[in-house]
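The values are calculated or read from the model by the stated rules, or taken from the named source; none is laboratory data. Everything numeric here is computed off the predicted structure, so don't read it as measured data. Positions of Cβ are generated from backbone atoms using ideal geometry, with glycine treated the same way; all protein chains shown enter the neighbour counts.
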Amino acid sequence: MTLHAMKEDEVRLLRDEIELLMSERRQLLQVTGAAAVFVANLDTDSLPDEADTIDAAEMLAEQLNGLSEETLKDALESVRAQVDPVQ
């Protein structure tokens, strides 16, 4: 195999890997967007008083709050959610 052919193979493999990563990113943004919409619409008073449920809700909220504004915006756009302005 020539050097040129090896480089073409490397480029093809990298291109395939980038496409796979972009696909996974789209899926993760959709999951994140759905989780953000869920948390935003969650009535915390209706949560069971079980510690595990409350801990899980807090963990999810903390992870969502830790996202950059741009990532959260991309996630919400991926599920076509609209952000209500803070009043």
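Can you name the residue in the range 10-53 that is at pLDDT 95 or above and acidic (D, E) and, of all such residues, is farthest from A81 (Cα to Cα)? Per the stated criteria, the residue is E10. Picking from residues in the range 68-85 that are over 14 Å from R25 (Cα atoms) and not in a helix (DSSP H, G or I), the one that is modelled with the lowest pLDDT is P85.
Every listed requirement among (1) in contact with a helix residue (DSSP H, G or I) (Cβ under 9 Å, 6 or more places away or on another chain); (2) not in a loop (DSSP other than H, G, I, E, B) is met by S23 save one, (1).
For first residues located in the range 36-62 and over 23 Å from A75 (Cα atoms), partners that are assigned to a loop (DSSP other than H, G, I, E, B) and acidic (D, E) and lie 6+ apart or on another chain with Cβ distances below 8 Å do not occur.
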